[in-house]
Amino acid sequence: MKISGFTIIRNAVMNDYPIVEAIRSILPVVNEMIVLIGDSEDATIALIESINDSKIKIHHSVWNNNLRTGGSVLAEETNKAFQLIDPESDWAFYIQGDEVVHEKYHPAILADCNNYLADKKVEGLLFNYLHFYGTYDYIGDSRKWYHKEVRIIRNDKKIQAYKDAQGFRVGAKAAKIAAKQIDAFVYHYGWVKSPEQMLKKHKNFSKFWHPDHVIEAGFKEMDFWDFSEFDSLQLFKDTHPLVMQKRIQEKGWQINIDITQKKFSFKDKLLYHFEKITGIRPFDFKNYRVLK
C-alpha cells in the first residue's frame, strides 16, 4: 500500500500559516509529500525547504487571480497538486495549510487505509474536526463549524476538489464522494492568530472571494480582529499534536473569552441542544455520503 500526501500553499510567512506543522503531522503516514507552492511574496519556498525531508517534493504554480468566485482558485490549485502524486499510490492524503493531525491517530489512519484498500466502493476516508478559535484553549462547538470532512481520497482522477476545496466530489456531475468514517480528527488552527494577524490574514484571504473595492469597504474601520464575535465555544482539555508544541509555546498574545456566552437564534439554540443530547446534526451540509 502506498499513500501520497499533498497540499497547496501561498504566502505562508505573511499569513502565519502552520504549514510546516501541517506537513510534518502527516509525514509519518505517507510515502511522498507533494507541496505545490503558489507565487508568493514572502519566504514560503525557503520555509518549506527548511523541513528538509526526502519525502517532500516541491512544485511551483502561478495562481489565477481572476478566479474570485467562491474561492475556486483553491480548488484549481488543489487539483493541480493531486495530479502530481505518484500514479502508483493507492491513496492521497490532503492537508490544508492550517490543519494538523495528532500523532495519536496515525495507527488508525494507516489501519483504515489498509482495511478499505480492496473495497473500491470506498472513495474517501472521513475525518472528524476540531476548530480552534482565538487561542489554543478554545474550540468552536456550534453548527457554524463543519464537524467532518474527507481528507484521504482514492488515487482516482475522477475525484476533484469542490468549490473552495473544503471537500471533494466525483465525476462530471460532482456526485458526493462515498466515504467511510474513521476514528481520527483534524485539528484546524486557521482561527488561531493574534487579533492583528487575523485581520491581516482575512484581508489577504478575502481576495479569493471578493473584488478589491468590496474588501476595502468591509475592513475599512477595523484595526484588529474582534474575537468576541462567536456563537458558542468550549474549553479544549486534551493535548495538541507534538508538532504544534513549539508554536504554542511561542504564542505572543492573550485573548480572554467568556465561554458561558451563547449567542444563538431560537432555531439555532434548539438545534445546538438537540445535537448535544443526541449526537445528531440535522440539516447539515455534507460534501460526502457515509457508507455503512
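Data table
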read-out	value
Cβ-derived FRET efficiency at R0 35 Å, GLU229 paired with ALA43, nearest 0.05	0.65
Amide hydrogen neighbours beyond the local backbone of ASN155, cut-off 5 Å, H modeled	TRP91, ALA92
Amide hydrogen neighbours beyond the local backbone of ALA184, cut-off 5 Å, H modeled	ASN128
Max mean-square fluctuation residue, GNM over the chain, Cα-Cα springs under 10 Å, options PHE224, PHE132, PHE93	PHE224
Most to least packed among 2-13, 188-199 [average Cβ atoms within 10 Å]	2-13, 188-199
Cα centroid separation, the range 98-169 to the range 233-292 (Å)	16
Net charge of Cβ neighbours under 11 Å - reference LYS148; Lys, Arg +1; Asp, Glu -1	+1
Global form of the range 107-251, assessed from the alpha-carbon gyration tensor, a/c cut-off 1.5	oblate
Stretchable slack from GLN181 to LEU117, in nm (0.36 nm times residue separation minus alpha-carbon distance)	21.6 nm
Selected from SER206, SER40, SER228 as most flexible by GNM, with the chain as the system and alpha-carbon contacts under 10 Å	SER228
Computed Kirkwood radius, in angstrom, where 1/r is averaged over Cα pairs of the chain	20.0
Fraction of alpha-carbon pairs over 25 Å apart in the range 29-152 - percent	37
Estimated inter-spin distance, ASN128 and SER50, nm [label 7 Å along Cα→Cβ]	3.4
Surface/4 estimate of mean projected area, convex hull on alpha-carbon atoms of the range 141-198, nm²	5.8
Over the chain: helical MRE at 222 nm, DSSP H runs n ≥ 4 each giving -39500 (n - 2.57), nearest 500	-7000 deg cm²/dmol
Full-extension gain in nm, GLN254 to ALA174, via 0.36 nm per residue minus C-alpha separation	24.5 nm
Packing-based ranking, highest mean first, of 25-32, 47-54 given that Cβ atoms within 10 Å are counted	25-32, 47-54
Placed amide H near MET33: partners under 5 Å, 5+ positions off or other chain	GLY5, ILE56, LYS57
Highest-fluctuation residue, HIS59, HIS147, HIS273 considered, GNM on the chain with Cα pairs under 10 Å	HIS273
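Read-outs: derived from the displayed coordinates by stated rules, not from any lab. Computed from a predicted model, the values in this text were never measured in an experiment. Glycine gets a Cβ as well: all are built from the backbone with ideal geometry, and neighbour counts include every protein chain shown.
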